[in-house]
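> I have a structure I would like to understand better, so I am pasting it below and will then ask my questions one at a time.
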Amino acid sequence: MSVKETLKQLESEKTKVLMAELYGAEKAEENRARYRYVAERFEKTYGERDIKLFTSPGRTEISGNHTDHQRGCVVAASINLDMIAAAAKNDCNCVRIKSEGFDFQQVDLSDLSVHPDEVNTTPALIRGIAAIFREKGYASGGVDLCVSSEVLRGSGLSSSAAFEVLIGTVFSCLYNDN
């Protein structure tokens, strides 16, 4: 659906009801405005194209905080803060991302090897997700994204995990029929 069609759909009664179900009645309009923002930002950054909208929740760990980094178990729950994106395929086999508050990033997916200079960076997360998709027999490919997040960076609410889930969901939808 084009950006213009997406913006029109965000104004529909059906979308208003869905937003109220997803975010609660008191936060529905605020979140529809966030989706409008990423759709409009997408068009300004990449031009008029067909896009899809995505969301990924932050999480909190109820028990086992950060033991998952050492292959331990955690009890986690999603929270009511999320990361959203407008995304579309591109033909350059790169993930190009404009994330609110961050510099523009571009990651070439033809090289999924570990880059020591990228440790703990957005490109490292994107390469890692694409590499796992390839290892598991799934496709990944070029994507243009505009991202906005309510998941506070460095807050312990797993903003990097929300970002990884977002990228994985985008690859799953755009390249693997969900």
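> What residue, of Ala76, Ala86, is among the small types (Gly, Ala, Ser) and within 22 Å of Leu7 (Cα to Cα)?
Checking each option against the conditions leaves just Ala86.
> Take region 133-150 and flag every residue that is part of a loop (DSSP other than H, G, I, E, B), under 22 Å from Phe54 (Cα atoms) and modelled with pLDDT of 95 or more.
Tyr138, Ala139, Ser140, Gly141, Gly142
> Also, quick follow-up: What is the one condition in (1) touching a strand residue (DSSP E or B) at 6+ places or on another chain (Cβ under 6 Å); (2) in contact (Cβ under 8 Å) with a residue 24 or more places away in the chain that Ser159 does not satisfy?
It is condition (1) that Ser159 fails.
> Has region 116-132 got at least one residue that is touching a Leu at 6+ places or on another chain (Cβ under 8 Å), assigned to a loop (DSSP other than H, G, I, E, B) and among the hydroxyl-bearing types (Ser, Thr, Tyr)?
Within region 116-132 (the criterion being touching a Leu at 6+ places or on another chain (Cβ under 8 Å), assigned to a loop (DSSP other than H, G, I, E, B) and among the hydroxyl-bearing types (Ser, Thr, Tyr)), the answer is no, since none of the residues qualifies.
> Are there any pairs with C-beta distances below 6 angstrom linking a residue in region 80-107 that is on the phi < 0 side of the Ramachandran plot and without any contact (Cβ under 8 Å) to a residue 40 or more places away in the chain to a residue that is surrounded by 14 or more Cβ atoms within 10 Å (Cβ to Cβ) and of a type in the set (A, V, I, L, M, F, W, C), with the two at least 6 apart or on different chains, and if so which?
If the second residue must be surrounded by 14 or more Cβ atoms within 10 Å (Cβ to Cβ) and of a type in the set (A, V, I, L, M, F, W, C), the pairs left are Gln105/Ile97; Gln106/Cys94; Val107/Val95; Val107/Ile126.
> Oh, and also: Answer yes or no as to whether Ser110 is over 18 Å from Ser172 (Cβ atoms) and buried (at least 17 other Cβ atoms within 10 Å of the Cβ).
no
> Being outside any helix (DSSP H, G or I), surrounded by fewer than 19 Cβ atoms within 10 Å (Cβ to Cβ) and modelled with pLDDT of 95 or more, is that true of even one residue in region 71-87?
If we filter region 71-87 for residues that are outside any helix (DSSP H, G or I), which is where we start, we get 71-87.
Okay, now just the ones that are also surrounded by fewer than 19 Cβ atoms within 10 Å (Cβ to Cβ), so 71-81.
With the extra rule that they be modelled with pLDDT of 95 or more, the set shrinks to none.
No, the conditions are met nowhere in region 71-87.
> Given the conditions (1) among the acidic types (Asp, Glu); (2) open to solvent by 20 Å² or more (accessible area, probe 1.4 Å); (3) closer than 21 Å to Arg41 by Cα, report the number of the one that Asp144 does not fulfil.
(2)
> Consider Arg96 against the criteria (1) at pLDDT 95 or above; (2) touching a strand residue (DSSP E or B) at 6+ places or on another chain (Cβ under 9 Å); (3) part of a loop (DSSP other than H, G, I, E, B): it satisfies all of them except one. Which criterion is unmet?
Only one criterion is unmet by Arg96, namely (3).
> When residues of region 164-178 are filtered for being touching a helix residue (DSSP H, G or I) at 6+ places or on another chain (Cβ under 6 Å), crowded, with 17+ Cβ neighbours inside 10 Å and either closer than 15 Å to Gly58 by Cα or modelled with pLDDT under 95 (or both), how many remain?
Of the residues in region 164-178, 3 are touching a helix residue (DSSP H, G or I) at 6+ places or on another chain (Cβ under 6 Å), crowded, with 17+ Cβ neighbours inside 10 Å and either closer than 15 Å to Gly58 by Cα or modelled with pLDDT under 95 (or both).
> Sticking with this one: For Arg59, state whether it is open to solvent by 60 Å² or more (accessible area, probe 1.4 Å), over 23 Å from Glu150 (Cα atoms) and at pLDDT below 95.
No.
The values are calculated or read from the model by the stated rules, or taken from the named source; none is laboratory data. In this text the structure is predicted, and so the values were computed from the model without any measurement. Positions of Cβ are backbone-derived with ideal geometry, glycine not excepted, and every protein chain shown enters the neighbour counts. Just so you know, the surface numbers come from the protein's heavy atoms only, side chains and all, with ligands and any DNA or RNA stripped out. Shrake-Rupley method; radii C 1.70, N 1.55, O 1.52, S 1.80 Å.
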